[in-house]
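> Sharing a structure below in structure tokens format, with a few things to ask.
The values are calculated or read from the model by the stated rules, or taken from the named source; none is laboratory data. Quantities reported herein were computed from a predicted structural model and do not represent experimental measurements. Glycine also receives a Cβ, built like all others from the backbone with ideal geometry; neighbour counts cover every protein chain displayed. What goes into the accessible areas is simple: the full protein's heavy atoms, side chains included, and nothing from ligands, DNA or RNA. Shrake-Rupley method; radii C 1.70, N 1.55, O 1.52, S 1.80 Å.
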Amino acid sequence: MNTFLKDVFICSLGAYGGPEAHYGVFTDQMVIKKKYLTEEELVELIALTGILPGPSSTQTIVAIGHKIGGPVLAFLTMLVWALPVLSVMTLLSFLSHFLSGLNISEDGLRYIGPMAVGFIIVAAYRIGRKVVKDKLTLGLLFFGAITTYFIREAWIFPLVLVTGGVVSIYTSQEKNLWNSVKLNPPWPYLFAFGFFALGSILLTVVWDNGTLNLFESFYRYGYLVIGGGQVVVPLMYSELVEVNQYMTNQEFLTGFGLVQGLPGPMFSFSAYAGGLAARGGSAFTQVIGAITGGIAIFLPGLLLIYFIYPIWENLKKIKGIKVSLRGITAVAGGLITIAAVILMQNSGFLIDNIIVMLCTVALLLTKKVPAPFIVMGVIAAGFII
């Protein structure tokens, strides 16, 4: 157990740049070096977590923990994987207050936004290249992008993702999509998932409590998003910045840019966002907001992988599950693409912003400069120039 958790920690230290980059780290450490599972098993897990709501790379490594040592090791895997970066993002939620206390202008962080757009553009390019396989998937990508560009409401994101899956199934030429398989799922985890989802919504209706409202929002982000950190950006941005105005566009982009330079799951951005949303009271209240955001966004994905993984060997034999994934991932690629456009609009199409964005894209595509160095360079440029 200790050896495995040490390997998980090694993965967390090297996991920069979102789910696709994380899978490369998992392949190197978990498959090639330690042989905890085969490459085929890892690809199948990636397909499973691509269908499930929640942070896909986190669910993948938690599932590996479940395979090696059951539910207890899976939970410890989650802590070792996510807790370090969640702690750092909690501290970073105090960044603007810290800078003002030192009489340092936040304007020095102005290039982090365009840099973050560069990260999203590269993610959109890589995912788009992977999911666009024919005219149908290309059309679904544009459908996801155009729809979510004009309709900036929280409900539209899961709707277009589900629509992509349905269209993929409806247009499929495969026979016997819903072939029968024998399953014996651990129902308590699914009941817990539904209890938190419905219970938090009902409680927010009858009780106006800031921490509860945050839990409901971030728990909802956790179960409405399929595909990981980059996919949650448009949903969180729409609600936290545009609707509730918990933070400014610049603060949102600063946090999203900073998390790119940290190893571990990108959902850790929730600790930063939760901390900012809970501002206005004491430092303790802000920390509680960060903890609430961090726990709430990871919880639904954790419960779902606990429910699904024990029956995965039989579930993956259902053809309809695999077919729907083509449409879901294509739409998700559209969501990520349009997120870059919207965030760049809000940052401003100034010449220096465009240069920072293009330099970020170029450096990421060459793969010669690690993400943390890009982040540090952009911060330095903001304060020097």
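> Looking only at residues in the range 315-338 that are modelled with pLDDT under 80 and more than 28 Å from Thr148 (Cα to Cα), which one is surrounded by the fewest Cβ atoms within 10 Å (Cβ to Cβ)?
Step by step, filter the range 315-338, then rank; the result is Lys317.
> Now for a separate question. Looking at Tyr189, is it part of a helix (DSSP H, G or I) and either out of contact with any helix residue (DSSP H, G or I) (no Cβ under 8 Å at 6 or more places or on another chain) or not acidic (Asp, Glu) (or both)?
yes
> Something else about it: Name the residues in the range 288-330 that are within 30 Å of Tyr170 (Cα to Cα) and of a type in the set (S, T, N, Q), would you?
Selection gives Asn314, Ser324, Thr329.
> Still on this structure: Looking at the range 275-298, is at least one residue farther than 27 Å from Phe215 by Cα, open to solvent by less than 60 Å² (accessible area, probe 1.4 Å), touching a residue at least 40 places away in the same chain (Cβ under 8 Å) and not charged (D, E, K, R)?
The answer is no, given that none of the residues of the range 275-298 is farther than 27 Å from Phe215 by Cα, open to solvent by less than 60 Å² (accessible area, probe 1.4 Å), touching a residue at least 40 places away in the same chain (Cβ under 8 Å) and not charged (D, E, K, R).
> Among residues belonging to the range 18-28 that are buried (at least 24 other Cβ atoms within 10 Å of the Cβ) and at pLDDT below 70, point out the one that is nearest to Ile61 (Cα to Cα).
This residue is Pro19.
> Grab the helices (runs of 4 or more DSSP H) fully contained in the range 200-309, keeping just those with 1 or more residues being at pLDDT 90 or above, over 15 Å from the mean Cα position of the chain (by Cα) and under 16 Å from Leu52 (Cα atoms).
Hits in the range 200-309: 283-308.
> Which number in (1) at pLDDT below 85; (2) open to solvent by 40 Å² or more (accessible area, probe 1.4 Å) marks the one condition that Leu48 misses?
It fails just one condition, (2).
> Right, here's the next one. Give me a count of the residues in the range 150-166 that are modelled with pLDDT of 80 or more and surrounded by 17 or more Cβ atoms within 10 Å (Cβ to Cβ).
5
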